[in-house]
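Report on one structure; see the data block that follows.
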Amino acid sequence: MDYLIVLSKNQIDRVFPVRKPIIFLGRKEGEVDLVLDHKSVSKVHAKLTRKEDKYVILDLNSTNGVLLNGRQVDNALIKPGDKLELGVFHVILRREKDVADAQGQDPATEPFPGDPFQHTAAVPIETQLDQINHAYNRLQSLFLLCPVLLGALLLAAGGIGP
C-alpha cells in the first residue's frame, strides 16, 4: 500500500493510506476522501488516480491550483517523493517500502529520508509563550534596574561633575 504524507507548517499532519484507485482531495468533508481543512484549499480541489503503480494528479479547476515540486500543473504524472502543494498543505507520495525503510520510525511523527525538506519537532505554543514571557520579564527587570545601577555607578565614580 502507498501513503500520502500530509504536511502543514512543515509538520507531518497525517499519513493517509491510498486504498482506492481514485482519491479526491479538498476541503469539503463528505465529498472528498482526503480532507484538507483550510480556506486556501477548494471544496473539491484535485483528483489523484492510481493505475497499476503510476499516479496522476488532476487539478479540478481549483482556486489556488496544484503545484508539483514547485511548478503549477493541471494534469501530471507523479512519482514517490514528489511534493504536491494544495493551498497551505504539502502532500508527498510514499511507497509502503519507503515507510517501512524509515528505520522503524513512526511515520506520523518522524521525517522520512529523502524528503524535499526535513522538518524539526515543533515546540508547543504554550512553551513558546512561556519562553517569550520569561524573556520579557527579564528585560523588564533589567530596565527597572538600569537607573539604580547607573546611580550606583555614578556614586562609585565620585559623582557627576568635576
Point to revise | Of the criteria (1) among the acidic types (Asp, Glu); (2) open to solvent by less than 80 Å² (accessible area, probe 1.4 Å); (3) in contact (Cβ under 8 Å) with a residue 60 or more places away in the chain, which one residue 96 fails | key: (2)
Check your understanding: Looking only at residues in the stretch 4-41 that are part of a loop (DSSP other than H, G, I, E, B) and either of a type in the set (Ser, Thr, Tyr) or buried (at least 20 other Cβ atoms within 10 Å of the Cβ) (or both), which one is nearest to the chain's Cα centre (by Cα)?
Key -> 36
Check your understanding: With (1) modelled with pLDDT under 95; (2) out of contact with any Leu (no Cβ under 9 Å at 6 or more places or on another chain) as the list, and residue 82 as the residue in question, which single condition is left unmet?
Key -> (2)
Check your understanding: If residue 62 passes every condition in (1) under 16 Å from residue 92 (Cα atoms); (2) surrounded by 15 or more Cβ atoms within 10 Å (Cβ to Cβ) but one, which one does it miss?
Key -> (1)
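The values are calculated or read from the model by the stated rules, or taken from the named source; none is laboratory data. Predicted, not measured: the structure shown is a model, and the values here were computed from it. Please note: Cβ atoms are built from the backbone with ideal geometry, for glycine as well, and neighbour counts cover all protein chains shown. All accessible areas refer to the heavy atoms of the entire protein, side chains included, with ligands and DNA or RNA removed. Shrake-Rupley method; radii C 1.70, N 1.55, O 1.52, S 1.80 Å.
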